[in-house]
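Shown next, in structure tokens, is the structure this report addresses.
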Amino acid sequence: MQQNIFNIQTESDFQAACLETFRYQYDHVEVYRKFVDYLNIDLSLIKEVEDIPFLPIEMFKNHLVLNKNSKAEHYFQSSGTTQMNRSKHYIADFSLYEESIYKSFEEFIGKPEDYIFLGLLPNYSENTHSSLIYMVDFLMKKSDKPENGYFLYNHQELFDLMQTLTDKKVILFGVSFALLDFLDFCDSNAQTLKLSNFLTVIETGGMKGRKEEMTKDELLKIFQQGFKTDKIYSEYSMTELLSQAYSLGENIYKSPNWMRILIRNTEDPFSYVEEGRTGAINIIDLANRNSCAFIATQDLGRRENGTFQVLGRIDHSDIRGCSLLVS
């Protein structure tokens, strides 16, 4: 029986929801069924989360990962050039995605209705199939504030608006390179930002090949100094996911109860490393009900005490548009 993923409270709840989702997706998602069968796995031996096979994220580039009984309303596509083979994630149920967006944001940040949302997301704003833009659009609609808006490269307009919001609760979602460009604009024009005491900056990764020698920690320090705040928040998700994890500073992420990070051994994809050790990130996202909830990514990370860090990319994997910097 399907469990409401947003009511998961205990480890037993989570295990049960994962096993039910695995059986459901084995029966209904053709590419996942073929993948599991190819591994010649005895389904009767899958009794806990660690036994479940994780679909390589590359499958979203070349295959339709979708419930055979569902009709996709829309798809999200990863960022990149037109020459690249980009991932597509077909969405059959937007209500599930929107509930996931709302509940995770509310848990880690606050109620969207209380904030003004500004988006400094060039490249993504120009991608009509960006899951990041859909998420920020949804939060803006819930907020329903007249000041909400996106800014591509019009830094002066963003600067001027921010000077008028010094007593408001403001969320600035920004891709990393665009936040750096905005701070460079302020410096080069000798313009001092007057910022709200309630400003929250949420960086979403994405350097687009710029300043690759910079670590994530160095990047966050630049943002802390430029935006005059002790904490820079971060959001971790991707085209192939319908849920988000958040870092409330220090590059340490927490995920909602229906999302979990496991760290696999880079030498043996079917085994896991101990807590505190670095490996490749496997993600369980139970909001992916109609695609695949069990995804083996090409990101490196480590997990400890219910939190996780993202440490970069596995060598030779494709450079993702939202890739995070090595720390």
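The values are calculated or read from the model by the stated rules, or taken from the named source; none is laboratory data. Predicted, not measured: the structure shown is a model, and the values here were computed from it. Every residue, glycine among them, receives a Cβ derived from its backbone with ideal geometry; neighbour counts consider all protein chains shown.
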(request) From (1) within 30 Å of Val31 (Cβ to Cβ); (2) in contact with a strand residue (DSSP E or B) (Cβ under 7 Å, 6 or more places away or on another chain); (3) of a type in the set (Phe, Trp, Tyr); (4) free of Cβ contacts under 8 Å to residues at least 60 places away in the same chain, pick out the condition that doesn't hold for Phe76. (result) (4)
(message) Among the residues in region 75-94, are any in contact with a Leu (Cβ under 6 Å, 6 or more places away or on another chain), crowded, with 16+ Cβ neighbours inside 10 Å and assigned to a strand (DSSP E or B)?
(response) yes
(request) Return the total of residues in region 280-308 being in a loop (DSSP other than H, G, I, E, B), buried (at least 24 other Cβ atoms within 10 Å of the Cβ) and either free of Cβ contacts under 8 Å to residues at least 40 places away in the same chain or hydrophobic (A, V, I, L, M, F, W, C) (or both). (result) 4
(message) Residue under question is Arg277, and the condition is that it be modelled with pLDDT of 90 or more, among the charged types (D, E, K, R) and part of a strand (DSSP E or B); does it hold?
(response) no
(request) Find all pairs meeting these conditions: Cβ atoms under 8 angstrom apart; at least six residues apart or on different chains; first residue within region 260-274 and surrounded by 12 or more Cβ atoms within 10 Å (Cβ to Cβ); second residue at pLDDT below 95 and aromatic (Phe, Trp, Tyr). (result) Arg264/Phe270
(message) Among the listed residues Thr297, Thr239, identify the single one that is β-branched (Val, Ile, Thr), in contact with a His (Cβ under 7 Å, 6 or more places away or on another chain) and within 30 Å of Leu64 (Cβ to Cβ).
(response) Thr239
(message) Checking the conditions here, which among Glu99, Glu126 is part of a loop (DSSP other than H, G, I, E, B) and farther than 26 Å from Asn251 by Cβ?
(response) Glu126
(request) Could you check how many residues of region 1-57 are loosely packed, with under 12 Cβ neighbours inside 10 Å and of a type in the set (A, V, I, L, M)? (result) 4
(request) State all residues of region 140-184 that are of a type in the set (Ser, Thr, Tyr) and either within 25 Å of the chain's Cα centre (by Cα) or buried (at least 21 other Cβ atoms within 10 Å of the Cβ) (or both); if no residue qualifies, say none. (result) Ser143, Tyr150, Tyr153, Ser176
(message) If I filter region 234-244 for residues that are among the aromatic types (Phe, Trp, Tyr) and either without any contact (Cβ under 8 Å) to a residue 24 or more places away in the chain or more than 21 Å from Glu11 (Cβ to Cβ) (or both), do I get at least one hit?
(response) yes
(request) State all residues of region 166-196 that are closer than 20 Å to Ile133 by Cα and either assigned to a helix (DSSP H, G or I) or among the β-branched types (Val, Ile, Thr) (or both); if no residue qualifies, say none. (result) Val170, Ile171, Val175, Ser176, Phe177, Ala178, Leu179, Leu180, Asp181, Phe182
(message) Return the pair list, or none, for Cβ contacts closer than 7 Å from residues in region 7-28 that are without any contact (Cβ under 8 Å) to a residue 24 or more places away in the chain to residues that are buried (at least 18 other Cβ atoms within 10 Å of the Cβ), at least 6 apart or on different chains.
(response) Tyr26/Tyr32; Tyr26/Val36
(request) Report, by residue number, each residue of region 1-19 that is assigned to a helix (DSSP H, G or I) and either within 16 Å of Ser291 (Cβ to Cβ) or among the aliphatic types (A, V, I, L, M) (or both). (result) Ile5, Ala16, Ala17, Cys18, Leu19
(message) Taking the conditions exactly as written (buried (at least 20 other Cβ atoms within 10 Å of the Cβ) and among the small types (Gly, Ala, Ser)), does Gly226 satisfy them or not?
(response) no
